[in-house]
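Here is the structure we will look at.
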Amino acid sequence: MRHVKPQYLGRLKWNRAGYALVSRADAFDLMAVNRQGKVVVPGIYHTGDFDYPDAERGVGRFATPDGKCGYFQARGFQVVVPARYDVCQAFHDGRAIACTGCTRYCEDEDCHIDRLVGGDGVALALDGTVRERFTLPTLDTVCGTPERRLLTPRSGADLLRCAGDRNPFDDLK
């Protein structure tokens, strides 16, 4: 269980609900702590307009040190979906996709579009309920056949494109 040392609690800026945001100096890691210094939401995603603080209806993503992810309500830093998934996508139109036993691949250079491959997926509602369960395609079947698969290893998520598929971001270059 992670905590902020008591001698540092007085330096934090608390919101009305009694939570403060803390960023580690040695890592790009944002977390919410309660007045006792206990980390209540670790690893808050805060990248761009679809994550904290601008997540859809305030439901953002977070990750634990072991690499699992889940969702939280930013208003009171309450966990909506515990960190039990391997990949969590942001909410769009009241729906988010998460999966276990899966791998995230990028479909464009900047990873604006991604594809989840392998494992089991769920579609989640903003309140954390599972709306749908499904099996994700395997790497051998994601492009129809392995011969159509164009896989480029990179740091972070690998680039995956299917031969013959048009990438909408190509028009922007």
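The values are calculated or read from the model by the stated rules, or taken from the named source; none is laboratory data. All of these numbers come straight from a predicted model, not from anything done at the bench. Don't worry about glycine lacking a Cβ; one is built from the backbone with ideal geometry, like all the others, and counts go over all protein chains shown. Side chains included, ligands, DNA and RNA excluded: accessible areas come from the protein's heavy atoms. Shrake-Rupley method; radii C 1.70, N 1.55, O 1.52, S 1.80 Å.
Scan region 114-122 and tell me whether some residue there is at pLDDT below 95, farther than 27 Å from R2 by Cβ, of a type outside the set (A, V, I, L, M) and in contact with a strand residue (DSSP E or B) (Cβ under 8 Å, 6 or more places away or on another chain). Show your work before the answer.
Initial filter on region 114-122 (at pLDDT below 95): 114-115.
When the remaining residues are screened for being farther than 27 Å from R2 by Cβ, the result is 114-115.
Remaining after also requiring of a type outside the set (A, V, I, L, M): 114-115.
Within this subset, residues satisfying the condition of being in contact with a strand residue (DSSP E or B) (Cβ under 8 Å, 6 or more places away or on another chain) are 114-115.
Looking for residues that are at pLDDT below 95, farther than 27 Å from R2 by Cβ, of a type outside the set (A, V, I, L, M) and in contact with a strand residue (DSSP E or B) (Cβ under 8 Å, 6 or more places away or on another chain), one finds at least one in region 114-122, hence yes.
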Worksheet item: Any idea which of (1) open to solvent by 50 Å² or more (accessible area, probe 1.4 Å); (2) not in a strand (DSSP E or B) is the one L9 doesn't satisfy?
Response: (1)
Worksheet item: Taking region 59-92 as the search range and keeping residues that are among the charged types (D, E, K, R) and out of contact with any helix residue (DSSP H, G or I) (no Cβ under 8 Å at 6 or more places or on another chain), which one is nearest to N34 (Cα to Cα)?
Response: R61
Practice prompt. Filter region 107-157 down to the residues that are open to solvent by 60 Å² or more (accessible area, probe 1.4 Å) and of a type in the set (S, T, Y), then identify the one that is nearest to R95 (Cα to Cα).
Written response: T129
Worksheet item: If you go through region 68-76 one residue at a time, do you hit one that is assigned to a strand (DSSP E or B), open to solvent by 80 Å² or more (accessible area, probe 1.4 Å) and either modelled with pLDDT of 95 or more or farther than 18 Å from Y52 by Cα (or both)?
Response: no
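For every residue, the table says whether it meets (1) modelled with pLDDT under 95; (2) at negative phi; (3) of a type outside the set (K, R).
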residue	(1), (2), (3)
V80	no, yes, yes
R84	no, yes, no
R131	no, yes, no
R154	yes, yes, no
